[in-house]
Structure formats: structure tokens, C-alpha cells
Amino acid sequence: MTDAATPSAPPPWTPSSWRSKDAAQSVDYPHELDGKFKDALNKLKHLPPLVSSSEIERLRSQLADVANNKAFLLHGGDCAELFEYCNERAIEQRISLLLLSSLVIVFGGRTPCVRILRGAGQYAKPRSKPTEIIDGKEVLSFRGENVNGIGLDERVPDPDRLVQAYFHSAATINYIRALLDSGFADLHNPRSWKLSHVHNDELAKAFDNIVERLEDSLDFLKVVGGESGTLQKADIWTSHEGLMLDFEEALTRSYKDSDGNVHWYNTSAPFLWIGDRTRDIQGAHIEYFRGIRNPIGLKCGPSLDPDELVRLLDILDPDFEPGRVTLISRYGNHKVEECLPGHIKAVQSTRHRPVFCADIMHGNTFQASSGPYKTRHMADLCSELVKSWRIHRSLGSKLQGIHLEMTGDVDENGYSVTEIVGGSMERSEEDLPSRYLTFCDPRCSVEQTLDIAFLTADYLTAERTGGKKGSAILSHLTSREPSRGREANGK
Ligand code: PEP
Ligand code: CO
């Protein structure tokens, strides 16, 4: 709390106290569906939690480690998850990519990594406009699968979708748990994480090199008898934007700790975040989030005033707990130098110890000139990341995590999506139509995700050694120019 603030006791919080405030981005269901809406919420209230309070406590302590610079945070997944992605192959591909990229960070950067999937419930989307024009016709915008469908005949909000969202989250989480329990994340088998899908020779070589060094180290550990069971298991936490407060309230449950204190947990995911459009300090989302014990994210865009950031932290983190809040900055490459220093200094003037995480995606979206594609350029993403590292370092602070929209989706020939241009595959705007599959924001392909993971590992190494490392394959990542003489890659 800042000295200037005169702390008056906040009004009592309940899972429904947000209802007395304005909820931005709320959904208007047709009146004739009022009964169905009530039934859906009642059903959700009676269904079991999707995650347990002890899992949420475990993530709290891991994020405290991140805030104390003892681990790095990798948070990534789809912009808008579809119910259709709830299948064996798609879940394995997502988990593989999260494991692959975190291995690069862990082994390349010599740091433990906390992995949070943007998924297993990332169904609700905030939209800038309630309607959109498709084929000359004005239709309701797609608000995410837990509200309406993408098909033009599915745009009317349907409360049944809230219950469907619960079951699709449950099935996804269940399969992730099954994979992890059966040794999918075993560090002894990183080659089984679909490495064959990396369609870039240099990247594949760099990754192979990491795997070889890892195998060597594991062999050595075995010889000296130091190997512990933790190498077989990895935690993968799930997360989503806590946008639909009716849904979040229905999954909010209370539990007593060993001292008999009652705490409220959102049991739909261990980690939830507040979007840039719903962080109004007087609004319903801030009211709801202040009362749950889950670690929470706060998106910080250019319009967030540094003083307001401090007031938000005072509300969301009244006990100054390291890692209670993760600040997910999303300024864009052109604004990061203008906005980030003020936010870092504002935090430094307080006793709050949030995790500083860079969402290098959401400030860098543009319309491709080649057609109706929303895209991003890897040069912008990587530049925003590099600038963020430098700004933090110059202020005696540290960037502690990255937030990515990414997908492990590959076709039967191993080709990734083509939604973002640039990167080591040197995707151009002309490549976008070949595998442009997103229904919301463009996502990094497998190779682009690994590009960013290698860049991150490089910077973590430089930070640790005080040096200026830079690997050859990444030197051109911040440039918009394709490297001369390189052959066109893949499709
Ligand atoms: C998102 O994360 O997909 C999103 C909508 O972000 P923001 O709230 O930062 O705009
Ligand atoms: Co998005």
C-alpha cells in the first residue's frame, strides 16, 4: 500500500458481490432463455471442482518462486480455444509444444520453468465490437465457444454452452493429467515430443543439441546416483481469462485451511487472468478477482496509468504476497519503451512483488495487406521481448515470464500453422492462406514458438553470465528482411 493511500477496510466480499458493479463485456442472453440460463448456473454450482485447492496452493507457491527470481514463467496456448480442440491429438500437440519450449528455457537458460497452458477452459473472448460484418451482413460477433458458435447460424448466445464449456474443460484437464501421469513429460524421452515436426534444419539442430546435452547430463546424474523422481514429472497448469463472471462464480468454492481459516477458490482453473478491457478499477471483474485465492494475472496495456496500476495492486494484493499477481504487459513493440518503465517504477515504489510477464502478442496485431488475415510479425514480437529485457535490466528489475499465443497444431505432413509472419521459417504474408486456422488472434507456429524459447534462453543465459550471448539462428529474428540465399521453407 502506498503511504499516501488511507486504507479503509474494503466492503465484505462474496462470490457474488461483483453483481453490484458494472461488468464490462457482459453477454445479453435472449429473455426467453432466462430459465435455461438459471438452470445452467445451478447445474455448474453442483458439479465437482475441476481443480483442487491444494493444486491452486501449489501454483501459488511456484509463482512466488517466479516473483523471487527462482524460476521463469512460460504461459501460452490458443487465443480462443474451440470445443473441437478437445481431442487426443490436439491436446498432445499442445502439451508437446509447451514441454518442448519449456525444455529450451530450462536447459538453455538453466532455470526451473513454471508452465501454464492458455487452455482447458480458454473459451470466452472479449470483443471490441458486439457485431461484425460478414459477407455484407451484420451479425453478432463470435464471443467464444462458451457463449456462441462461429457458424453464422450459431451466433445467438446459448446458456447451455456454459455447461458444455465445463465438460470440455474437464475432459481436456483429465487427458492432460493422464498424459503427465503416464510419463509423457519424462525428461528422459524428449524426442517423443514430436520433434519431427520442427521443419527448420537450424532450429532442429539447435534443439537436438539441447537434447544431446540433456541426455549426457542425465547419464552423468545416473552414474553419480543423483537422479531424482522429479525428472519424470512436470506440472502443467491450466488457465483462462476470467471473463464470464456468472461461470466463474458458479465454480467458486470455499475450503478451510489447517488453521480453520476459510478461503475461496475458483476451481475452474488454478490460474485466471483479467483482460485489458475488463480491468476497470470500479468494475465487476476486479471485485470478483480480489476475493479468490488463486494466483491471478492482470493484463496491462498502454492505457493503464501507473498510479492506477498501484491502486489495482493494492486491491488485488492487499497482503503483499510475492506472485499473487502476474502483470502481463501487452504494449506492442512501438509502445513498450513509452509504457513499461512507468509500470516498473510504479511497482518498485510499493511493497507489491508481482511477477513481470511480457505478452508480446496483443500489442502487435495488424491486418495483412495480402488478404483478410489478422497477423503479427515475429520481428515485432522479438523486438518487444528484447526491449522488455533491456528496460527491466536498466531499472534493476527482471522480466520473469513470457505470454504467447501459440499452437502445436501440425498437419499429417508435419506442417505448422501459417498465421504469423517472419521467424526462422521466414513466413511471408503470401504464406498466410496455406494453414491459417485461427478463429481469433494469430498464433505462433511450432517453429516460431521455439524461436522465442531460444531467444528467451539466450537472454536468461546472458543475464546469468553477465555476457552478451546471441545464437546464430536468432540474429535475424528481430529483422523484417528474409536472409538472402535461404530457400523457401515448406508450404
Ligand atoms: C487475449 O489474451 O486473448 C486478449 C484478448 O488479451 P487482452 O485482454 O490483453 O486484449
Ligand atoms: Co488473443
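Using the heavy atoms of the protein chains and a 1.4 angstrom probe, tell me the accessible area per residue for the range 230-325 in square angstrom.
Using a 1.4 Å probe on heavy atoms only, each residue of the range 230-325 averages 33 Å².
Using Cα centres only, tell me the gap between the range 161-181 and the range 385-449 in whole Å.
Comparing the Cα centres of the range 161-181 and the range 385-449, I get a distance of 25 Å.
Quick one: length gained pulling residue 315 to residue 22 fully straight, 0.36 nm per residue minus the C-alpha distance?
That pair, residue 315 and residue 22, stretches by 103.8 nm at full extension.
Out of 274, 348, 166, whose Cα points farthest toward the positive end of the dipole of the chain (charges: +1 Lys, Arg; -1 Asp, Glu; placed on Cβ)?
My answer, from the dipole projection, is 348.
What are the residues whose amide H is under 5 Å from the amide H of residue 118, where those residues sit 5 or more places off or on another chain and H is modelled from the backbone?
Under 5 Å from the amide H of residue 118: 76, 77, 78.
Sort by residue number and report every cysteine in the chain with no other cysteine beta carbon within a distance under 4.7 Å.
For the chain, the answer is 86, 113, 300, 339, 357, 382, 444, because their Cβ atoms have no other cysteine Cβ under 4.7 Å.
Can you work out the Karplus-derived ³J(HN,Hα) for every residue in the range 264-274? Use 6.51 cos²θ - 1.76 cosθ + 1.60 with θ = phi - 60°, whole Hz, and x for glycine or proline.
Per residue, the Karplus-derived 3J(HN,Hα) values read 9, 10, 7, 8, 8, 6, x, 10, 10, 10, 9 Hz.
7 Å from Cα along Cα→Cβ at both residue 47 and residue 160: what's the point-to-point distance in nm?
Taking the two extended label points, one gets 1.4 nm.
Using 27 Å as the Cα-Cα cut-off, could you pick out the over-long pairs in 299/345; 233/374; 45/129; 129/299?
Flagged as over cut-off: 233/374; 45/129.
Relative contact order (percent) for the chain, with alpha-carbon contacts under 8 angstrom and 6 or more residues of separation?
20 percent
Given the chain, report the % of alpha carbon pairs whose separation exceeds 29 Å.
Beyond 29 Å sits 49 percent of the P(r) for the chain.
Step through the residues of the range 419-424 one at a time and calculate ³J(HN,Hα) from phi using the Karplus curve (6.51 cos²θ - 1.76 cosθ + 1.60, θ = phi - 60°), rounding each to whole Hz and writing x for Gly and Pro.
Result, ordered by residue: 10, 10, 8, x, x, 5 Hz.
If Lys and Arg each add +1 and Asp and Glu each add -1, what is the summed charge of the other residues whose beta carbon sits under 11 Å from the beta carbon of residue 385?
My count for the surroundings of residue 385 gives -3.
How large is the helix-only mean residue ellipticity at 222 nm for the chain, computed as the sum of -39500 (n - 2.57) over DSSP H runs with n ≥ 4, divided by its residue count, in deg cm²/dmol to the nearest 500?
Counting only the DSSP helices, I get -11000 deg cm²/dmol.
Do you know the relative contact order of the range 289-347, to the nearest whole percent, from alpha carbon pairs under 8 angstrom that are 6+ apart?
Averaging sequence separation for qualifying contacts and normalising by length gives 46 percent for the range 289-347.
Using a 1.4 Å probe over the heavy atoms of the protein chains, calculate the carbon and sulfur portion of the accessible area of the range 1-87 as a whole percent.
52 percent
The values are calculated or read from the model by the stated rules, or taken from the named source; none is laboratory data. These numbers were taken from a predicted model, which means no experiment stands behind them. Neighbour counts are summed over all protein chains in view; Cβ atoms, including those assigned to glycine, are modelled from backbone coordinates with ideal geometry. Keep in mind that these areas ignore ligands, DNA and RNA; they rest on the heavy atoms of the full protein, side chains included. Shrake-Rupley method; radii C 1.70, N 1.55, O 1.52, S 1.80 Å.
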